[in-house]
Each structure stands twice: as structure tokens, then as C-alpha cells.
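The structure appears below as C-alpha cells.
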Amino acid sequence: MNKKLEFKGTKLLILVFIAYIFLFIFDNTNALEALNKSKNILSTLLPIFAFIIILTALINYFLKPKQILKHFGEDSGKAGVFYSIIGGILSHGPMYAWYSMLSDMRKHGLKDGLIAVFFYSRAVKLPLLPLMIGIFGITYTIVINIYIVLFAIIQGKIIDKLMK
Amino acid sequence: MKQKQQEPSFKKAMINSIKSFASILPVMFSIIGIVGIFQIYITPSMISSFFGYGNLADIFTGTLAGAVATGHGSISFIIAEGLKEQGVSLYALSTFTLAWVTLGLIQLPAEASVFGVKFTFYRNILAFFSTMIIAYLTIITIGLFS
């Protein structure tokens, strides 16, 4: 079935647009710099966006709604939590880049708790581990990352109870 | 008459995926626009200046500053390294770096428009308290090892 295109966040975009107009009027130099920063962020994110579009298509193609429900739905159990943690840890780019994929999977039965697990697990940043060890030490790095995963699971359980 | 159910093709899955992504483009552009403004007005040196007012205040500042700040996670560690040299507590630095990657005040409206206000509210409140508890537990735990 083909989806109907409905835009989300248009009011927010209008507000941001107005904010930029004000900035251009009152602080032209910084407004230009802010716009330039945004442009740079966007160009850095383009490959991540492409990756997410392809990943969402692959999920939709290989995982039928029934399977999404089985792996990430109400009865997904520990396996669903495990996949969400791994997905969160491995996911790159900012949190908002993943909104479309998660929103799409949510429509097919992805549990809210697992979205929370995914989001919090993203705090385990594999590429940044060497930097973290260099600044805070190896014991600190291991301990904090274990707690992050543990609290991601706890948050997921609480969210599921609260959203019922 | 029984109709044969058609298997969706990859092309269709791709089109649907592009449509899903396109539907939240206003959200994406909004956040990217706000991040641009924040990165100009809230600089690393400004964030550093918020610390140094006592342990408890630093912990709270760490969580809030991390939640407001934007940018790559590595920036939070670089700022944290400078703050560590200034004598800011490890507890405050932990809340700061953790809040940087788990909380996003500027993403709240966008998250709410995609996942709903209720989910966004609960998730962020939980993430906020988790950040402070994790920092506390981490310091306590590494204290046991040293």
C-alpha cells in the first residue's frame, strides 16, 4: 500500500524561519554564521539520511508488519530489548535522524519502551570510547557504559508501563 | 472471488521509506536550524563559565548545560577535559557528558511532534533522572575499585 505524504513539524519550521528573519534583522553576522553552521550540519548528515532511508526500506521489505510485531512488539521480550540496545549502540548521527525509521516501525507495532531503550543506548558511543578512556580512565568508562545499558532497559520497562 | 495478495516490491518499500523520511523533513530542518543558532550563541567557553560554583550546583549545571548544548559527543569530552583541569567534580562532568548525548532540549518539540507529547515527556524526564543517578552510581562504583 502506498503511503500518503503528511508533513510533521511544519509549525515548528515556520517558527524557526521567523527566528532566522529576526536574527538577520538584528544580528546579521551571527545569523549568517548560524545558517552556515546549519548548512554544514545538513551536508554532514546527508549520508546518514541516505543510510536510514535504505535501512527503513530494507526493514519494510524483509520484515513484514507481523514480524516487526514479533521482534519488537508487545511480546518481543528480552530479544526485542537486546536488538534495541545493539541498534542504539551501533546507530550513528544525531537522535533526530532516526525519528522517521522509528516512527515508521512504531506504526507497525514497535513498542514505545523499545524506542526509549534505543534512544538511551545511543549514549554508548563506540567511536568515542578511546577518548573517554583517555580522559576518565578505563574503569570509569566500563562502569558508566554498563550503567547506561542497565538504565536504558529500566527506562524501557517504565515507559511501557506509563504508556499503557 | 479470492484475490491473490501481492508481495510488496523493494521499489515500493523504497518509495514508502522515502515518503516516511520526507514527512519529517520539516522536523529535521527545524532542529538543524536551531542547532545552528545554538552553536553560534552557546559556545564551549560559555558552557565552561557556568561551572565552578560548588559540587551540588555543578551537578545541576552539568545536567542542564549538557541538555541544552548541541554538537558532536566528542566536543562534550573536550570541554569536560578542560573542566576537569579546573577542578570541577567527576560527578558533574559525568552528568554533563551523559546529558549531552542523551538529552536534547532543542529536540523536544520535534520529538513531541513525531512520537507525541506524552511519550516525549516521560522519556525525557526518565532520561534526566537516569543521567544524575548513573553519574552518582558510577562515582560510587569506581570508588569501590580504587
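Nothing in this text is a laboratory measurement; each read-out follows from the coordinates by a stated rule. Model, not experiment: these values are computed from the prediction. For neighbour counting, all protein chains shown are included, and Cβ atoms are generated from backbone atoms with ideal geometry for every residue, glycine included.
Here the 3J(HN,Hα) profile of the stretch B:76-81, calculated from phi with Karplus coefficients 6.51, -1.76 and 1.60 at θ = phi - 60°, is 4, 5, 5, 5, 4, 4 Hz, Gly and Pro shown as x. A dipole drawn for the protein assembly as shown from +1 and -1 charges on Cβ atoms has a positive end, and of B:103, A:108, B:32 the residue lying farthest that way is A:108.
The residue list B:122, B:20, B:54 was ranked by how far each Cα lies along the charge dipole of chain B toward its positive end, using unit charges on Cβ atoms, and B:20 comes out on top. Between residue A:107 and residue A:133, the distance separating the two model label sites (each 7 Å from Cα on the Cα→Cβ line) works out to 4.3 nm.
Relative to the Cα centre, what is the charge dipole magnitude of chain A, using +1 at the beta carbon of each Lys and Arg, -1 at the beta carbon of each Asp and Glu, and rounding to the nearest 20 debye?
Working: 18 positive and 8 negative charges, 109 e Å.
In total the dipole reaches around 520 debye.
Distance from the alpha carbon centroid of the stretch B:97-125 to that of the stretch A:149-164 works out to 15 angstrom. Can you check what the net charge comes to around residue A:117, using other residues whose Cβ is under 12 Å from the Cβ of residue A:117 (Lys, Arg +1; Asp, Glu -1)? With Lys, Arg at +1 and Asp, Glu at -1, the net is +3. Length available on full extension from residue A:78 to residue A:42: 0.36 nm per residue minus the Cα-Cα distance, which gives 9.4 nm.
Rounded to the nearest 20, the Cβ-based charge dipole of chain B about its Cα centre (Lys and Arg +1, Asp and Glu -1) stands at 960 debye.
Shown for A:104, A:75: other C-beta atoms within 10 Å of each C-beta, ranked fewest to most, produce the order A:75, A:104.
Neighbouring Cβ atoms within 10 Å as the yardstick, rank A:33, B:111, A:6, B:81 fewest first. Provide the component values of the computation, followed by the final result.
On the way: A:33 17, B:111 22, A:6 10, B:81 14.
Lowest count first: A:6, B:81, A:33, B:111.
Let me have the relative contact order for chain B, percent, based on Cα pairs under 8 Å that are six or more residues apart. Contact order relative to length: 23 percent. Taking Cα atoms only, the orientation of helix B:90-102 departs from the longest principal axis of chain B by about 10 degrees. Each of A:118, A:135, B:132 was scored by the projection of its Cα onto the charge dipole of the protein assembly as shown, and the greatest displacement toward the positive side belongs to A:118; charges sit on the C-beta of Lys, Arg, Asp and Glu.
Determine, for B:119, B:129, A:72, the number of other Cβ atoms within 10 Å of each Cβ, and report the residues in order from fewest to most.
Details: B:119 19, B:129 13, A:72 27.
Going from least to most buried by this count: B:129, B:119, A:72.
Separation of the stretch A:117-137 and the stretch A:58-81, taken as the distance between their Cα centroids, equals 27 angstrom.
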